[in-house]
Each structure stands twice: as C-alpha cells, then as structure tokens.
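Right, one structure below, let's go through it.
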Amino acid sequence: MPAVSIVTARFEELAKTTAYKKGMPRQRITFAPHPVTDRTAEIARQYLAGSDPISKQPMLQQIYEGLAKPLIDEERQAGFLDREARPRLLPPDTPTNLERMFHDSQWTDGMAIVLPTEERVAEMLQGTSRRPDEVVGIMRPSPPHEAWEYTVEMVAVNAVMAGARPEYLPTILAIASTGTTSLISSTSSFARMVVVNGPERNEIGMNAGIGALGPFNHANATIGRAWTLISKNLGGSGRPGETYLGSQGNALSYNNLCIPEAEEGLPEGWQPLHVQKGFKAEESTISILSGWSLNNIAWYSPLPQQEVIMNWLSHFFSFGTTRATLLLDPVVAADMKSAGFASKQAFAAWLGQNSTTPAWLYWSTHEAELKKAQQGVEPYASYLKRGEGAEIPVSRYASPPAQGGTGIASTNSATPIEIVVVGGGTNTFWSGGDFTYVASASIDRWK
Amino acid sequence: MNGYWLMVRAVTLALCALVALPAGAAETPITVLNPRGIQPPIRLVPMAARPASLDGKTIYIVDTKYPRTKPFVEELQQGLAAKYPRTNWVIKEKVGSYFDDDPKLWADAKVNAAGAIVLIGH
C-alpha cells in the first residue's frame with residue numbers, strides 16, 4: 001500500500017541507506033527538524049508549518065504528495081541492486097598505503113593494525129582445525145539492519161589486524177559465532193563485555209588478576225579488540241551516521257571489557273559464570289554481556305560491604321535501570337562468603353530483595369502504580385506520601401529479564417544481577433554496571 | 001669509545017636524511033586479504049501505485065510510540081486534517097514499543113486505508 005515515512009533530519013543517512021538496503025532506494029521520506037521527542041505541541045506545530053530541512057519543501061504538502069503523486073519508472077523497478085564487490089585479495093600496494101587505506105575505509109578502530117598478509121592469516125589459521133571457508137555466522141548492527149555473513153578465514157583476517165596470536169583464534173571464533181555485534185547501532189552508545197571462563201583462560205595467558213580490566217595483557221587486549229574489528233568488518237556495524245548512531249560513543253568499545261573470570265579466586269560454593277549458564281567447569285567458554293556503563297567503587301565504609309553494594313544498586317541510574325552486573329574482586333567475594341552468602345545466586349537474590357528504588361525514579365517508570373496511588377490504592381498511596389526524595393521498598397532487580405541473546409547459550413539463565421569475580425586482591429574494591437547477560441558460546445568447538 | 005660511536009651514528013642519520021624518500025615510496029608492494037564480510041543481495045521492492053486522489057480516502061498515521069513524541073503525532077494529524085479536509089486522517093498506535101512489529105495493524109491498513117504515514121522517533 002502507498003506509504004511515506006517521517007524521520008528526523010539527524011537520521012538522513014540512516015534512513016536513506018536503510019531504505020536502499022531494504023530494496024526501496026527511492027522510498028518517499030519526509031524529514032522533520034530534530035528532535036521531535038520531548039517537544040511541546042506548539043513547537044511541533046511550528047515544525048509542521050515549515051519545510052523539510054533536507055528537501056526544503058513544505059512538510060505537509062510533501063507528505064501528501066508522497067502518498068498521491070504518481071510513481072516514476074525507477075520507483076516501479078524490480079530486480080536486484082549491485083553490491084560492493086568482495087575480492088578475497090585486495091590490489092597490491094605498499095604497507096604504508098594499505099594501512100592508510102584501511103583507516104580511510106573505516107576498517108579499523110583508528111589505531112595501528114597488523115596488515116593481514118596471506119602468510120599472517122595462514123599462520124593465524126593454525127590456531128583452529130576448522131576449514132577457512134567454513135561459515136561462522138551472521139551479524140548485524142541491530143535487528144532492523146541487514147546481516148552479513150563471514151567465514152573462519154574472515155575472522156582470522158580481523159584477528160591478525162587486532163594483533164592477536166593464533167592460540168587466541170578459538171576464543172575469537174567463539175565470540176564471532178554468537179553473531180553479536182559489539183557496536184550496536186543504538187543512539188544510546190551501548191557497551192559490551194566478554195567474560196572468558198574455563199581452562200583456556202590460563203592456556204592463552206589471559207590476566208584475571210591485577211589490572212585485569214586495564215591495558216596490561218596481550219590476550220585480554222587483542223581478543224577484545226578483535227571483536228570490535230569483526231563487528232565493523234564482518235557485522236556491517238560501526239559506520240557513524242549509517243550503522244552506528246551512539247550519540248557520544250562508548251570508550252569501552254575499544255576492547256569490550258574483555259576479561260577472564262578469576263575462577264581460582266572464587267570462594268567455595270561460588271560457581272564460575274559459565275557453570276551458572278549450564279556449561280561444565282572443564283569446558284572453556286565466552287559469555288557476552290550488554291550494557292552501557294561501569295562504576296569503579298573504591299570506597300571504605302563503616303557499613304558492611306553487602307550493604308554498600310545494595311545501596312549502590314538502589315541509587316545507580318543509567319539507561320538500563322533493572323539489570324546489573326557486579327565485578328567483585330576476589331577479596332570482596334571472600335568477604336561476601338564470610339558474610340553468609342553461600343553462592344553468587346544467594347548474594348544476588350539478597351540484593352534483589354533488599355535494594356530499593358528512589359521515589360522519583362519509581363514514579364517515572366510506574367505510571368499505572370502512580371494512578372493507583374493517586375486513587376488511594378495501597379501500598380502505592382503510602383509510597384506516594386513518602387515524598388519525591390524517599391526510597392520506595394521495591395527493587396528494580398527483582399524480576400528475571402526476558403530471554404536474551406541469540407540462543408547460543410546451552411541454557412539461557414539470565415538473572416537480574418550477574419556476578420563475576422575478577423581482580424588481583426589488592427583491595428576490597430569492586431565495580432558495578434548496568435550489564436545484562438546475552439549469550440555464551442563454547443571455545444572448545446572452535447579449536 | 002662512546003664518542004666515536006655517537007659520531008658514526010650521527011653521520012649515518014645525516015646520510016639517511018639526505019636520501020630520504022617520500023613515505024611508502026621505498027616499500028615493496030604487498031598483497032593483503034580483504035577484511036570485509038559478505039553482504040547480502042538487495043532485492044528491489046517496487047513501490048505501491050498511488051491513487052489518483054486522496055479525496056474521500058482514509059490514511060493511517062502510524063504512531064510507533066517513540067518516547068514523548070505524542071504532541072508531534074497529534075499535531076501532524078490536525079495539520080493534515082486542516083490542510084486536506086477531504087481526506088480522513090486517522091492516528092493508529094502500533095502495538096508495543098518502537099522495536100515491535102504489528103502484523104495485525106498492517107493487515108488492518110491494507111483493508112481499511114488507502115495509505116499510511118509511519119513516524120519513526122526521535
């Protein structure tokens with residue numbers, strides 16, 4: 001049926017390229033001034049009385065004509081559009097010129113790369129028994145976008161570029177096999193986290209100890225970086241304005257918080273993350289989590305640590321307000337065990353039961369409850385009487401999230417609060433953020 | 001001894017500077033692999049024929065419910081109704097958030113509307 005779309009002008013490139021990729025390159029789009037969200041009726045009226053800022057045509061007239069104006073020949077066309085050719089080898093050039101071309105083509109993260117010569121890629125492929133032409137998966141910037149397909153060799157090419165060693169390739173292939181981009185197209189500037197579990201962590205020399213989240217370990221650094229390059233080059237992601245719209249971007253995207261869990265530092269009874277997700281302890285896996293931000297909590301308090309964490313959960317606020325991931329130093333994990341929490345799950349459940357919600361946040365996310373409160377329905381009426389500055393005794397982390405991820409995990413057991421133990425035990429500090437579990441994948445099957 | 005080697009190094013660097021070539025010019029060309037994945041084919045979708053006139057017809061204004069855009073949607077409906085009063089401009093809310101598909105609404109539109117305006121954030 002005849003249709004026109006209205007998109008704000010800030011998304012001109014996204015709208016036009018999306019229409020092209022969906023097979024309707026001449027889709028009739030009217031652009032409105034940006035933004036229209038959070039604008040009054042008066043401002044909306046002014047926008048609509050004016051012109052499309054891109055075409056300079058009167059908006060309402062353009063919308064009407066988009067529905068009524070007869071089609072031209074190009075709009076009736078069927079068939080296929082040409083795509084960019086994909087030769088396996090690029091034309092020969094000097095290393096300097098090639099590296100410049102890789103940067104200019106937005107195939108890098110802006111930092112120096114290792115050029116993927118045939119020799120280096122062949123050496124990288126020694127890290128897996130899989131055939132180079134075997135398809136690993138498909139990946140897209142977010143659900144509305146097209147998916148790109150990639151092989152083992154293509155993943156190896158990007159692993160070389162990231163500076164990875166052949167022994168890291170199975171871990172990188174496992175990440176790629178989830179089909180999860182590290183560069184989601186959303187305007188909200190997502191971040192991703194990848195946690196490595198099992199014997200592979202130590203076999204490839206990852207660092208779960210002092211400075212695990214910092215720039216101190218080759219495997220942590222390059223495996224995480226490879227995911228960003230794979231997302232850009234194999235997942236069609238990360239082209240600002242077209243497939244990446246994160247307004248401020250996210251510094252965590254450089255290496256996607258690539259860490260191994262400090263399994264050796266887990267208190268007795270606390271399972272590693274991959275065991276929580278249904279894998280055996282002797283299996284090696286990657287687990288992907290998705291969020292936006294991470295707080296590093298380096299603070300001494302007269303309160304017991306579990307109460308500090310509980311209070312942080314109550315007041316931490318970002319885009320995602322109902323999911324959290326805690327990165328506990330082994331010292332903190334041991335303290336929590338001593339405080340009586342026999343497992344990660346027990347601690348997470350206690351936090352879910354005892355954390356609260358600031359009143360302003362509760363009412364701004366619970367419209368139905370606000371109406372009930374205003375009608376005198378309990379307990380909401382009593383909550384409302386407490387005032388805007390009060391804490392409502394309802395946890396944001398009480399309900400399990402919807403099934404997330406791509407179905408790669410052997411069991412998807414996402415919980416509102418995930419706990420990973422990592423760090424060198426130099427202090428009783430920890431980190432927390434709004435990350436939620438997405439998927440896990442076996443490393444062993446890519447060896 | 002140290003002075004001697006420093007002098008040799010300085011002379012060597014000076015000679016190198018004298019014969020310096022543009023960046024990359026002295027390098028041997030190499031061949032590298034393409035880092036990009038496989039893009040899917042794009043099948044063209046012919047656009048729907050437009051009616052000769054919208055007079056007497058119903059057009060759905062599909063509100064995808066991006067947060068806090070309702071005033072714009074309502075003003076759009078009122079503006080179109082004032083400028084083109086012989087067309088029936090009807091706001092239809094799509095189910096769920098702007099992430100969710102709404103096949104029932106699309107089926108409804110095909111039967112009961114002559115066209116649709118779809119608003120997409122932000």
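Here, each number is a calculation from the coordinates, and none is a lab measurement. The structure displayed is predicted, hence computed values, not measured ones. In this analysis, Cβ positions are derived from the backbone assuming ideal geometry, glycine residues included, and neighbour counts consider all displayed protein chains.
The table that follows gives values for the structure above.
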quantity: The range A:5-76 pair-distance distribution - Cα-Cα, 5 Å bins, rounded %; calculated: 3, 16, 25, 23, 19, 8, 4, 1, 0
quantity: The range A:295-437 - Debye-derived log10 I(q)/I(0), Cα point model, q = 0.09, 0.14, 0.18, 0.22 Å⁻¹; calculated: -0.32, -0.72, -1.05, -1.33
quantity: Residues with amide H under 5 Å from that of A:T436, placed H, sequence gap 5 or more; calculated: A:S290, A:G291
quantity: Principal axes of the protein assembly as shown: Cα extent on each, largest first, Å; calculated: 95, 70, 49
quantity: For residues of A:9-21, the mean tally of beta carbons on other chains within 10 Å; calculated: 1
quantity: Debye, to nearest 20: dipole size of chain A, +1 on Lys, Arg Cβ, -1 on Asp, Glu Cβ; calculated: 960 debye
quantity: Sites B:A49 and A:E84 - FRET efficiency at Förster radius 35 Å, r taken between beta-carbons, to 0.05; calculated: 0.65
quantity: Burial ranking of peptide ranges A:103-114, A:2-13 (average Cβ count within 10 Å, highest at the top); calculated: A:2-13, A:103-114
quantity: Relative contact order (%) - criterion: Cα under 8 Å, at least six apart; region: the range A:92-230; calculated: 25 percent
quantity: Stretch gain in nm, segment A:E268-A:S338, where the contour uses 0.36 nm per residue and the Cα spacing is subtracted; calculated: 24.1 nm
quantity: Most mobile of A:W312, A:W292, A:W430 in a GNM of chain A (Cα contacts under 10 Å); calculated: A:W312
quantity: Under 5 Å, built H, 5+ apart or other chain: amide partners of B:I42; calculated: A:L81
quantity: Ranked packing of B:85-94, A:54-63, most packed first, by mean Cβ within 10 Å; calculated: A:54-63, B:85-94
quantity: Inter-site label distance for A:S55 and A:S399 at 7 Å from Cα along Cβ, in nm; calculated: 4.2 nm
quantity: For chain A, calculated [θ]222 nm from helices alone, where every DSSP H run of n ≥ 4 adds -39500 (n - 2.57); calculated: -9000 deg cm²/dmol
quantity: Reach of B:K94 by Cα under 14 Å, taken over aspartates and glutamates that are not fewer than 8 positions away in the same chain; calculated: B:D63, B:D102, B:D108
quantity: Of all DSSP beta bridges in the protein assembly as shown, antiparallel share, percent nearest 5; calculated: 55 percent
quantity: Shielding by partners, peptide A:93-99 (average Cβ within 10 angstrom, other chains); calculated: 6
quantity: Backbone N under 14 Å from the A:A41 label point (7 Å along Cα→Cβ), restricted to the range B:77-113; calculated: B:77-79
quantity: Efficiency of FRET between A:K22 and A:D444 - r from beta-carbon atoms, R0 51 angstrom, step 0.05; calculated: 0.85
quantity: Distance-filtered residues of the range B:44-61 - backbone nitrogen under 15 Å, label point 7 angstrom along B:D102 Cα→Cβ; calculated: B:59-61
quantity: Phi-based couplings in Hz for the range A:205-210 (Karplus 6.51, -1.76, 1.60; Gly and Pro marked x); calculated: x, 6, 10, 9, x, 4
quantity: A:Q345 paired with A:M111, simple spin-label distance in nm, labels 7 Å along Cα-to-beta-carbon; calculated: 3.8 nm
quantity: Inter-probe distance in nm under a simple model that places probes 7 Å from Cα toward Cβ, at A:R386 and A:T321; calculated: 1.4 nm
quantity: Positive-end extreme of charge dipole, chain A - chosen from A:A324, A:L48, A:L125 (charges on Cβ); calculated: A:L48
quantity: Using θ = phi - 60° and Karplus 6.51 cos²θ - 1.76 cosθ + 1.60, couplings along the range B:67-82 (whole Hz; Gly, Pro as x); calculated: x, 6, 10, 4, x, 5, 4, 5, 5, 4, 4, 5, x, 5, 5, 6
quantity: Cross-link reach list, lysines versus A:K280, counting only Cα pairs under 23 Å and skipping chain neighbours closer than eight places; calculated: A:K337, A:K344, A:K447
quantity: Equivalent ellipsoid semi-axes, the range B:58-119, via Cα gyration tensor eigenvalues times 5, rooted, Å; calculated: 19, 16, 6
quantity: Rel. contact order, % - alpha carbon contacts under 8 angstrom, at least six apart, the range A:5-76; calculated: 30 percent
quantity: Per-residue average of Cβ from other chains inside 10 Å of A:374-387; calculated: 0
